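Notes follow the structure.
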Amino acid sequence: MIHFGTNGIRGKFDELNPELALKVAQGIGMYFNRQSKAKLSMPIERSSIGGKIGVARDARLTGECLEHSVISGLSSVGCEVVKFGIISSPTAEYMVRKLKLDGLTIITASHNPPEWNALKVVDGKGVAVSKERGGEIEGIVNKIKRAKWKNVKKVEKYPNASKDHINRIKKLLDLEKIKKRKPKVVLDCGNGAAATIAPELFQEIGCEVIEINSKLDGSFPNRPSEPTKKNVKELIELVKKEKADAGIAWDGDGDRVIFVDEKGEYIIGDKVFGISLLIELSGPETGDYRYVATTVATSKLVEDIASKYGKEVFYTEVGAPALSEAIASGKAGFGGEEVGGVIWPDISLAKDGIYTAAKMVEFICDRKLSDVLKEIPEYFLEKTKVRIENREKAFGKIEKIKEYAKNKKWKTIEVDGVRINFDDGWTIARVSGTEPVIRIFAEGKTKEKAKKLIEEIKKIIS
Ligand code: MG
């Protein structure tokens, strides 16, 4: 059986097949039944109350097939299922709060190629289930207790999720400001789930909208679902040609977003988070929290912007569940990661690429996106990986780096591998989740500085 990773259980169709999806969904159902029963403080075996679980999916070709299995699995253990159909992941995650769900399963492989799919699991607080909690679900899979026939509930269809999400977003925006300025935006949904909400939202809030790749197609015929610079060339050209104020592109399920400024400049994920942070912290109603959460693999620009507004950075391990957890537990008031995923707690505890884009559009009503970009510190990132004999030895090497850093009195963060912070840059070394490989990232004010940091780490572990 394939295992839960940082973002659910992921595989190609011959691995993540309908049979496995059914079993895992039964485990998910039992897991959330337990959770909702814990809330009622009743012994598990004495309660027959199943959790209320949402099921959503992206537009992938295997999505509907797996959806049948997931719904069947959840109902068979007594869950009440709310079926959303194809919606963006952030829309589904907003619905957890809106409908007070006990849990959610999203059938999506996010930015992966079309032959992949995955089950992403979110709990009733809106926090994605981590690898560890996924392990608990795997443990239940072999101890499934089907519900009695009379306790199998009806599946409720809920077609209004995108409308609800749009309405929530509109409440949080200065609509008058946007309607007056009427920014011209080019949207590239990449034929993914963002197409179920983005064109309608941006029209409704008063933008002039040009859309490409907004027809749902799970084979992703026009561009790969990851919005890298190379993959959004068409968007970049169109922004320039149409003299638009901004270009916006999402990944396959809409939780991550990248921007293109009015000059056609591609804005990477790190900077999307930087811009979002700037919007959040420079606004009139910044929360009185002390920490902004980000992963140890994120650019130093986050620290720079946060400290300018008197905030500190709370570093988490890599992956969205840790970020959501940091906000859910009250440690941080805002969060985001290095790939263009930003968590706005006013909406949900999940990355919301749709709302992130709407906030950006509101922000550029009285300035140019390229000017906003000037306020984001510039760093150069270098990446490499070093293959080690086995994973055990790889972890040993990480310890060696920690020891070395300690002797040098360097500032380290050790929540996930080891990150070393310097005044003018940083570096991180982590063991890959799947291979006997150490991944090294380094960032500096110059390319040379970043390269030098990488060489230094390589020397320590050689
Ligand atoms: Mg995604």
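The values are calculated or read from the model by the stated rules, or taken from the named source; none is laboratory data. Please read all numbers here as calculations on a predicted model, not as lab measurements. Ideal geometry is used to build each Cβ from the backbone, glycine not excepted, and the neighbour counts take in all protein chains shown.
Looking at I438, I454, can you tell me which residue is under 30 Å from I2 (Cα atoms) and either touching a residue at least 12 places away in the same chain (Cβ under 8 Å) or in contact with a Cys (Cβ under 7 Å, 6 or more places away or on another chain) (or both)?
I438
Against the definition (out of contact with any helix residue (DSSP H, G or I) (no Cβ under 6 Å at 6 or more places or on another chain), assigned to a loop (DSSP other than H, G, I, E, B) and within 16 Å of the ligand (Cβ to nearest atom)), how does V318 come out, yes or no?
Yes.
Got at least one residue in region 223-232 being without any contact (Cβ under 8 Å) to a residue 40 or more places away in the chain and more than 16 Å from the ligand (Cβ to nearest atom)?
yes
If I ask for residues that are closer than 25 Å to D188 by Cα and surrounded by fewer than 22 Cβ atoms within 10 Å (Cβ to Cβ), which ones from region 112-142 would you list?
Passing the criteria: N112, P113, P114, E115, W116.
Are any residues in region 388-402 of a type in the set (D, E) and either under 30 Å from the mean Cα position of the chain (by Cα) or at pLDDT 95 or above (or both), and if so, which ones?
E392, E399 - these are the residues of region 388-402 that are of a type in the set (D, E) and either under 30 Å from the mean Cα position of the chain (by Cα) or at pLDDT 95 or above (or both).
What are the residues in region 376-411 that are closer than 23 Å to L323 by Cβ and either surrounded by 14 or more Cβ atoms within 10 Å (Cβ to Cβ) or touching a Leu at 6+ places or on another chain (Cβ under 8 Å) (or both), if any?
Within region 376-411, I376, P377, Y379, L381, I398 qualify.
Any residue at all in region 183-199 that's more than 22 Å from I258 (Cβ to Cβ) and either crowded, with 21+ Cβ neighbours inside 10 Å or not hydrophobic (A, V, I, L, M, F, W, C) (or both)?
Scanning region 183-199 turns up no residue that is more than 22 Å from I258 (Cβ to Cβ) and either crowded, with 21+ Cβ neighbours inside 10 Å or not hydrophobic (A, V, I, L, M, F, W, C) (or both).
Condition (residue is touching a Leu at 6+ places or on another chain (Cβ under 9 Å), within 24 Å of E378 (Cβ to Cβ) and within 16 Å of the ligand (Cβ to nearest atom)) applied to region 277-297: is it met by at least one residue?
For region 277-297, residues touching a Leu at 6+ places or on another chain (Cβ under 9 Å), within 24 Å of E378 (Cβ to Cβ) and within 16 Å of the ligand (Cβ to nearest atom): present.
Within region 413-436, restricting attention to residues that are over 20 Å from S462 (Cα atoms) and of a type in the set (S, T, N, Q), which residue is farthest from the chain's Cα centre (by Cα)?
That would be N421.
Condition first: within 14 Å of the ligand (Cβ to nearest atom) and assigned to a helix (DSSP H, G or I). Now tell me which residues in region 91-133 satisfy that.
Listed by number, the residues that qualify are T91, A92, E93.
Scanning for something touching a Pro at 6+ places or on another chain (Cβ under 8 Å) and surrounded by 22 or more Cβ atoms within 10 Å (Cβ to Cβ), does region 279-293 turn up at least one residue?
Taking every residue of region 279-293 in turn, none turns out to be touching a Pro at 6+ places or on another chain (Cβ under 8 Å) and surrounded by 22 or more Cβ atoms within 10 Å (Cβ to Cβ).
Quick one: which of A332, A350 is away from the ligand (no atom under 14 Å from the Cβ) and touching a residue at least 12 places away in the same chain (Cβ under 8 Å)?
From the options A332, A350, the qualifying one is A332.
Among the residues that make up region 203-222, is at least one of them part of a helix (DSSP H, G or I), hydroxyl-bearing (S, T, Y) and either more than 16 Å from the ligand (Cβ to nearest atom) or over 20 Å from E338 (Cβ atoms) (or both)?
So far as region 203-222 goes, no, none of its residues is part of a helix (DSSP H, G or I), hydroxyl-bearing (S, T, Y) and either more than 16 Å from the ligand (Cβ to nearest atom) or over 20 Å from E338 (Cβ atoms) (or both).
Search region 333-373 for residues being assigned to a loop (DSSP other than H, G, I, E, B) and basic (K, R), and hand back the single one that is surrounded by the most Cβ atoms within 10 Å (Cβ to Cβ).
It comes out as K368.
Among the residues in region 169-185, are any over 30 Å from L101 (Cα atoms) and assigned to a loop (DSSP other than H, G, I, E, B)?
There is at least one residue in region 169-185 that is over 30 Å from L101 (Cα atoms) and assigned to a loop (DSSP other than H, G, I, E, B).
Just wondering, is there one or more residues in region 262-269 that are more than 16 Å from the ligand (Cβ to nearest atom), out of contact with any Lys or Arg (no Cβ under 9 Å at 6 or more places or on another chain), closer than 30 Å to K215 by Cα and touching a residue at least 60 places away in the same chain (Cβ under 8 Å)?
Yes, there is a match, as at least one residue in region 262-269 is more than 16 Å from the ligand (Cβ to nearest atom), out of contact with any Lys or Arg (no Cβ under 9 Å at 6 or more places or on another chain), closer than 30 Å to K215 by Cα and touching a residue at least 60 places away in the same chain (Cβ under 8 Å).
For region 238-258, which residues satisfy the criterion of being over 29 Å from G335 (Cβ atoms) and out of contact with any strand residue (DSSP E or B) (no Cβ under 7 Å at 6 or more places or on another chain)?
The answer is K240, K241, K243.
Right, G252: of a type outside the set (V, I, T), within 16 Å of the ligand (Cβ to nearest atom), touching a residue at least 40 places away in the same chain (Cβ under 8 Å) and in a loop (DSSP other than H, G, I, E, B) or not?
Criteria met by G252.
So is F273 among the aromatic types (F, W, Y), more than 16 Å from the ligand (Cβ to nearest atom), crowded, with 20+ Cβ neighbours inside 10 Å and touching a residue at least 12 places away in the same chain (Cβ under 8 Å) or not?
In short, no.
For region 50-67, enumerate the residues that are more than 19 Å from the chain's Cα centre (by Cα) and either in a loop (DSSP other than H, G, I, E, B) or among the hydrophobic types (A, V, I, L, M, F, W, C) (or both).
G50, G51, I53, L61, T62, C65, L66 - these are the residues of region 50-67 that are more than 19 Å from the chain's Cα centre (by Cα) and either in a loop (DSSP other than H, G, I, E, B) or among the hydrophobic types (A, V, I, L, M, F, W, C) (or both).
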